[in-house]
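Inspection log for the structure reproduced underneath, given as structure tokens.
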Amino acid sequence: MNASRQWWARIPLPAVDALIIVVSALDTWVSLSGEGASALVWVLAVLSVAGLVVRRRLPWVALLLTLPANCVLDIVFAPLASLFTLAEQSRDRRLLVAAALASAVASAVPSSFKGSASDAQFWTVIYFAYALTAAAAPVLLGQLLQTQRDLRARLAEIEQAREHEQLLHAQAVLTRERAQLAREMHDVVSHQVSLIAVQAGALQIATQDPVGRDGAQTIRSLAVKTLEELRHMVTLLRASGGRTTELTPQPTLADLQRLVASSGIPAELTGELPASVGTPAQRTVYRTVQEALTNVRKHAPGASATVRLWHGPDAYGVTVTNIPATRPSLALPGSQQGLIGLRERAELLDGTLHAGPTADGGYEVKLSVPSRGDSR
């Protein structure tokens, strides 16, 4: 499939534009050669071809330059090329309909000068219907290519969001496994090594044999060093949660600005939280913002978001609100575990998490934590 698309995708755009201009010039020349044309008609014909030079940057200008020539000549290619480019770039359906109608009217004007006066109106109507059908073809094709381009961009965005979600899920699984390993090392291994140290100390005191006393002292010293290493390893396991580095600390409120800036959507961070907010609460606020912005990117394409930090006498928290999507979203499979995990984090702080649609069609995620949890 890729090989079938590459042969024309490799053609440079200037070469395509040059070919369109040449074909349009030949079409106009054939129309002019059929009858003696005045100087004004020649000027209009030249302008219709010259307008194609700027059709990619100024498609409306290119179309307007073809209309006068289309009124006095039976040209086809220049109006259709201008309509196609306009339809490929514009998203205003009403303007596209108006452009197609204008092109059809301009094409039907020459037919009113042909035939007898009695049937001129009849043939004008017939030719207008034919011209309108012909004008609709490049408009529909341009819109189809625009939709295809948007779909490719949307699929690329979805794939990027899915990879981001998979990375977050892998990091969460890795964090849980590290925490479980840290608990096992702390509760089981450290306990056993502590017993070894205690028994070795008792043996060192109780034995009268100098060799046995030295051996017990060595065992006790090694056990103490092993305990220190275990405590250090447990600390590292609990602090690390990513694959990139073993010493990276968990995110805090200081990382929120960078998170919002790198979210890939138009987002704004406002407000602040008290300096007394503890580290676990800071991580919960960070993860709430991270999950909310990820959901906006996945399920509300084109929407902007506002991240508002707030605090009061009894509670503090964060509210993430986004406007409705500006582009259609695709139905994506999801684990549905993100908000559940956030609620569990909030409950550990005796807080609450509310998520739901807003009155204007957007979405809001609000985390609220009691102020008594500041020291956590």
Problem set entry | Complete set of residues in the range 71-88 that are closer than 16 Å to residue 30 by Cα and in contact (Cβ under 8 Å) with a residue 40 or more places away in the chain | 73, 74, 75, 76, 77, 78, 79
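Residue-wise test of (1) of a type outside the set (Lys, Arg); (2) modelled with pLDDT under 85; (3) assigned to a helix (DSSP H, G or I).
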site	(1), (2), (3)
5	no, yes, yes
11	yes, yes, no
17	yes, yes, yes
27	yes, yes, yes
32	yes, yes, yes
43	yes, no, yes
47	yes, no, yes
Exercise. Where residues in the range 49-94 are outside any helix (DSSP H, G or I) and in contact with a Ser or Thr (Cβ under 9 Å, 6 or more places away or on another chain), which of them is farthest from residue 133 (Cα to Cα)?
Worked result: 56
Seminar exercise, completed: Residue hits (the range 326-360; small (Gly, Ala, Ser), in a loop (DSSP other than H, G, I, E, B), surrounded by 12 or more Cβ atoms within 10 Å (Cβ to Cβ) and at pLDDT 85 or above) are 351
Exercise. Restricting the search to the range 298-320, which residues are assigned to a strand (DSSP E or B) and in contact with a Pro (Cβ under 6 Å, 6 or more places away or on another chain)?
Worked result: 311, 315
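The values are calculated or read from the model by the stated rules, or taken from the named source; none is laboratory data. These numbers come from a predicted model, not from an experiment. Note that we place each Cβ from the backbone using ideal geometry, even for glycine, and neighbour counts take in every protein chain shown.
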